[in-house]
Amino acid sequence: MSFLSPGFFLFFPLVTLFYFLLPQRARNLWLLVSSWYFYLCAGAGSFLFLLCALTLTYAGARFLEGQSGRARRRVLTLLLLLLFGTLFLFKYLGFALSMLERLLSAAGLSFTSPALELILPAGISFYLFMAAGYLIDVYRGNRPAERSFLLFALFLSFFPYLLSGPIGRADTLLPQFREPHRFSYDGFRSGLLRFLWGAFKKLVIADRLGMLVTTVYAAPDQFGRLQVIAAAAAFSIQIYCDFSAYSDMALGCAQVLGFRLMENFRTPYFSRSIGEFWRRWHISLSSWFRDYLYIPLGGSRRGRMRTYANLLIVFAVSGLWHGSALAFVAWGLLNGLYQVIGGLTADLRTRVRGRLGLTEDSRLTVLLQVGITFLLSTVAWVFFKGGSFTHALFIFQNMFTGPWLTHPVTAWGLDRPELVVAFFAILLLLAVDLASLRVDLWTGFLRLPRPLRWALALSLTLAVLICGIYGTGYDPQDFIYFKF
């Protein structure tokens, strides 16, 4: 079930209504049953795997807590191997076998990798990372193992973030499931507005730009350089609007019910460096890798070269987390390499700015840094979207060869009215993101006069209904990050 499917618009009001009507002691059970029904819509096989994962993690944490010394470490290692081994089986085994086939073929040996048809359980990468983080926290003594199976199952299964995050932490979520939640009209209004804003970004911007990107990327040699470059920039905006839209809708649903989830995006394209970009993009995943991989590897405590090596390892793993293909590894390594080069050239860039008379926080410096960061991230996104490493290189080739333009704009997958809608929708996105740097938009909305609040909400609703992408060929399940 997608947030934008017709079934969800019946499911969520019923969940919310009964949640606040039921007595306090029954509410968590109602949320768990509702979350499991939500996930069952993704398939019975996926649901059974979720049950196995949460049972293993719950029982494993209880057992882990009672161990000490080397036995404690061995138990944690076994539990993590079971979790990530299962993830490897479903997500990476086919990729590993195909890479082995290539290596053996290059060595002159014959090996044909078997054709595997394993169906990846929905949301597995998200909730297994939550489970692993919880186990590591228990191992470190940062929190006790949860005694209530009901609360732990709800922590791992809560429907707003189950399929595509944000990746939650036990220390912030489990206490909330113990708190009484009263209906808040302010939370209800701001949560629904945030959900509506997410729907706008997904249906009006992301899906519209997706048609342009798909058309050009399918045959980049049929388009001119400027058109391929424009498609690459359009994908940068598309993936931001698509994924942040899901996060907005997840946070909005949780807010209506009285829960606070981690912010997953903070205007990443206004970042002044790739390092800052990754502190503001998919924050729940970036912070997970920081706390559970980068710092245990040594972080920045063991010298510059070790720091750079740790960065490259983390971003290579991040690339693999997103998908089992060389293109995703290249995307991850390129983002890591950007930061290594940025660290190595920091002093040189400071001297160059000094020679040019530019201060660190001058308007021109900020604009240049934001523009370069967007350019670098766009280059990396080509590998992410390209589908394969060779096709990504083919896309880059067509950015530098051939004519500048080959088709009118109407051949890009969007006609002129659609391009106009996309242009003004992106301007609105830019204005909202700029405003969010100064104020809390969702709290600020409640302070507006009532007529203005209603006008904004109705205008946004009409924009989604009139300008959203619907109809034949549209799949409301098709969020980009669902496949990860």
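Out of the residues in region 355-390 that are free of Cβ contacts under 8 Å to residues at least 60 places away in the same chain and of a type in the set (D, E, K, R), which is farthest from Ser98 (Cα to Cα)?
The selected residue is Arg355.
Which residues, counting only those in region 385-412, are modelled with pLDDT under 90 and touching a Gly at 6+ places or on another chain (Cβ under 9 Å)?
Across region 385-412, the qualifying residues are Gly402, Pro403, Trp404, Leu405, Thr406, His407.
Of everything in region 298-346, what is in a loop (DSSP other than H, G, I, E, B), buried (at least 18 other Cβ atoms within 10 Å of the Cβ) and among the polar types (S, T, N, Q)? Give them in sequence order.
Passing the criteria: only Ser324.
Return the residue satisfying two criteria in turn: it lies in region 1-31 and is assigned to a loop (DSSP other than H, G, I, E, B) and in contact with a Phe, Trp or Tyr (Cβ under 6 Å, 6 or more places away or on another chain), and of such residues it is farthest from Ser184 (Cα to Cα). So that I can check it myself, show each step before the final result.
Going residue by residue through region 1-31, those that are assigned to a loop (DSSP other than H, G, I, E, B) are 1-7, 22-23.
Now drop any that are not in contact with a Phe, Trp or Tyr (Cβ under 6 Å, 6 or more places away or on another chain), which leaves 1, 22.
Details: Met1: 26, Leu22: 16 Å.
Ranking the qualifying residues of region 1-31, first place goes to Met1.
Criterion first (among the β-branched types (Val, Ile, Thr), over 27 Å from Ala316 (Cβ atoms) and part of a helix (DSSP H, G or I)) does Val420 satisfy it?
So Val420 passes the test.
Which residue is nearest to Gly252 (Cα to Cα), if the candidates are limited to region 174-203 and must be aliphatic (A, V, I, L, M) and within 19 Å of the chain's Cα centre (by Cα)? Walk me through it before giving the result.
Keep residues of region 174-203 that are aliphatic (A, V, I, L, M), which gives 174, 192-193, 196, 199, 203.
In the following step, the residues that additionally are within 19 Å of the chain's Cα centre (by Cα) were identified as 196, 199, 203.
Numbers: Leu196: 9, Ala199: 11, Leu203: 17 Å.
It comes out as Leu196.
Are there any pairs with C-beta distances below 6 angstrom linking a residue in region 423-451 that is farther than 25 Å from Phe235 by Cβ to a residue that is among the charged types (D, E, K, R) and surrounded by 14 or more Cβ atoms within 10 Å (Cβ to Cβ), with the two at least 6 apart or on different chains, and if so which?
Listed pairs, sorted by first residue: Trp442/Arg194.
Looking at Ser34, is it assigned to a helix (DSSP H, G or I) and modelled with pLDDT of 85 or more?
Answer is yes for this residue.
If I filter region 394-403 for residues that are part of a helix (DSSP H, G or I), under 23 Å from Ala233 (Cα atoms) and aliphatic (A, V, I, L, M), do I get at least one hit?
yes
The values are calculated or read from the model by the stated rules, or taken from the named source; none is laboratory data. Please read all numbers here as calculations on a predicted model, not as lab measurements. No Cβ is skipped: glycine too gets one built from the backbone with ideal geometry, and neighbour counts run over all protein chains shown.
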